[in-house]
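What follows is a single structure, written as structure tokens, with notes after it.
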Amino acid sequence: MRVKFWGVRGSIPVPGRQTNRYGGNTSCVEVRTEDGPRIIIDAGTGIRRLGKELMHGEFGRGEGTAHLLISHTHWDHIQGMPFFAPLYQKGNHFYVYARQRDDVHLRAVFQSQTEDPYFPVPFDEVKAEVAFRELIEGARFEIGPIKVACTRLNHPWIAIAYRLDYQHGSVCYATDTAPFRDVLLENEFIREAPRLGAPLAPADAQKLRKMQESLVRLCEGADLVIYDTMFTPEEYRRQPHWGHSCPDDAIEICRAAGAKQLALFHHSPERADDEIDSILAHYRKVTPRLDIMAAAEGVELKVGR
């Protein structure tokens with residue numbers, strides 16, 4: 001299994017000299033196997049460049065098939081979709097997966113993204129065949145030879161994490177999520193930051209505990225865990241209700257799960273490359289028994305044997 005990063009930032013794309021090395025595009029990760037279909041996780045602005053690459057092969061001829069796993073439909077995770085060139089080539093086939101919502105169908109979410117007055121080309125103008133598959137929390141399914149599992153995360157309006165298993169390799173993708181100790185985030189945005197360290201309502205504490213246990217099980221023994229580490233501890237203390245984690249939280253999950261490698265991901269748009277270098281160096285020093293890297297655009301990893 002090969003994993004390639006096409007977008008690694010959170011919130012908003014940030015091109016420029018200070019972000020050239022790690023990249024300024026928002027979330028998009030590609031997973032390829034020898035005999036399975038192409039899988040794309042999230043459709044942030046990184047998917048635009050991926051689409052241009054795909055058009056040089058079977059997708060340019062209208063013979064391509066890919067599966068898109070969407071963690072959640074917040075803007076930075078779908079904003080590249082209207083600029084994904086293979087969508088406009090007749091003959092291509094795409095399957096889009098995301099968590100089922102009670103209020104709106106998944107297709108309607110992507111249609112509204114390109115409605116007037118926000119975008120000049122409506123979603124119905126795409127030439128490829130696009131099928132939407134809504135997932136319930138904890139769903140397990142197969143995409144060709146790849147086994148996929150998911151679980152919910154602690155994020156406003158709820159995101160889901162994915163695990164992909166193929167032969168002797170496994171990768172988990174867990175963004176966006178807050179830790180599972182200070183606040184329960186669901187179908188609303190909490191406007192006031194909670195008082196850190198204050199006791200939680202028993203029902204909330206139990207729900208967060210089960211959520212964390214489920215994520216640990218999802219990541220159990222994984223070769224690679226790609227995890228939301230947008231905040232430093234100081235930033236998290238200011239905004240614990242925004243639904244993002246620190247490297248410490250990612251390390252806690254990986255240790256509990258016995259994961260082999262952690263990729264710091266969803267870098268803050270405020271974070272310059274040199275700052276990411278410093279953060280990475282610090283956590284490598286204090287966590288010697290876990291292989292830690294910082295996700296960067298263009299980096300491709302071989303996962304498993």
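What is the residue count in segment 211-232 for residues that are of a type in the set (Asp, Glu) and either loosely packed, with under 14 Cβ neighbours inside 10 Å or touching an Asp or Glu at 6+ places or on another chain (Cβ under 9 Å) (or both)?
2
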Residues (farther than 26 Å from SER112 by Cα and either assigned to a strand (DSSP E or B) or of a type in the set (Lys, Arg) (or both)) located in segment 50-73: ARG61
Meets criteria (closer than 30 Å to ARG237 by Cβ, touching a Leu at 6+ places or on another chain (Cβ under 7 Å) and either buried (at least 18 other Cβ atoms within 10 Å of the Cβ) or at pLDDT below 95 (or both)) for TYR173: no
Subset of segment 123-163 [within 13 Å of the chain's Cα centre (by Cα) and closer than 16 Å to VAL96 by Cβ]: CYS150, ALA159, ILE160, TYR162
Flag for THR151 being in a loop (DSSP other than H, G, I, E, B) and touching a strand residue (DSSP E or B) at 6+ places or on another chain (Cβ under 6 Å): no
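Could you list, in sequence order, all residues of segment 176-210 that are polar (S, T, N, Q), in a loop (DSSP other than H, G, I, E, B) and either loosely packed, with under 14 Cβ neighbours inside 10 Å or more than 22 Å from the chain's Cα centre (by Cα) (or both)?
Narrowing segment 176-210 to residues polar (S, T, N, Q): 177, 187, 206.
When the remaining residues are screened for being in a loop (DSSP other than H, G, I, E, B), the result is 177, 187.
Passing the criteria: only ASN187.
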Residues within segment 154-170 that are buried (at least 24 other Cβ atoms within 10 Å of the Cβ) and assigned to a loop (DSSP other than H, G, I, E, B), tallied: 2
Unmet requirement for ALA43, which otherwise passes all of (1) more than 16 Å from the chain's Cα centre (by Cα); (2) within 19 Å of GLN79 (Cβ to Cβ): (1)
Qualifying residue in segment 54-75 (condition: touching a residue at least 60 places away in the same chain (Cβ under 8 Å), more than 16 Å from the chain's Cα centre (by Cα) and closer than 30 Å to TRP157 by Cβ): no
Number of the exception - TYR118 against (1) in contact with a Ser or Thr (Cβ under 9 Å, 6 or more places away or on another chain); (2) more than 20 Å from HIS155 (Cα to Cα); (3) not in a loop (DSSP other than H, G, I, E, B): (3)
Selected residue [touching a Phe, Trp or Tyr at 6+ places or on another chain (Cβ under 9 Å), more than 23 Å from GLY138 (Cβ to Cβ), at pLDDT 95 or above and surrounded by fewer than 19 Cβ atoms within 10 Å (Cβ to Cβ)] from ASP291, ASP274, ASP248: ASP248
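Just checking, does segment 112-132 include any residue being within 28 Å of LYS207 (Cα to Cα) and touching a strand residue (DSSP E or B) at 6+ places or on another chain (Cβ under 9 Å)?
In the first step, residues of segment 112-132 are kept if they are within 28 Å of LYS207 (Cα to Cα); the result is none.
Checked against the condition, which is being within 28 Å of LYS207 (Cα to Cα) and touching a strand residue (DSSP E or B) at 6+ places or on another chain (Cβ under 9 Å), segment 112-132 yields no hits at all.
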Some residue of segment 3-12 being more than 25 Å from ASP116 (Cβ to Cβ), aromatic (Phe, Trp, Tyr), modelled with pLDDT of 95 or more and crowded, with 21+ Cβ neighbours inside 10 Å: yes
Residue in segment 176-199 that is nearest to ASN154 (Cα to Cα), counting only those that are aliphatic (A, V, I, L, M) and modelled with pLDDT under 95: ILE190
Qualifying residue in segment 96-104 (condition: touching a Phe, Trp or Tyr at 6+ places or on another chain (Cβ under 8 Å), surrounded by fewer than 17 Cβ atoms within 10 Å (Cβ to Cβ), modelled with pLDDT under 95 and outside any strand (DSSP E or B)): no
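Yes/no matrix, rows are residues, columns are (1) of a type in the set (Asp, Glu); (2) more than 17 Å from ASN25 (Cα to Cα); (3) not in a strand (DSSP E or B):
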residue	(1), (2), (3)
TYR227	no, no, no
HIS241	no, yes, yes
LEU262	no, yes, no
TYR283	no, yes, yes
LEU301	no, yes, no
From ILE40, ILE47, residue being crowded, with 21+ Cβ neighbours inside 10 Å, part of a strand (DSSP E or B), modelled with pLDDT of 95 or more and not charged (D, E, K, R): ILE40
Search result, residues across segment 197-230 that are among the charged types (D, E, K, R) and closer than 19 Å to ASP248 by Cβ: ARG209, GLU213, ASP228
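The values are calculated or read from the model by the stated rules, or taken from the named source; none is laboratory data. This one's a predicted model, so the numbers in the text were calculated from it and none came from an experiment. Backbone-built Cβ (ideal geometry, glycine too); neighbour counts: all protein chains shown.
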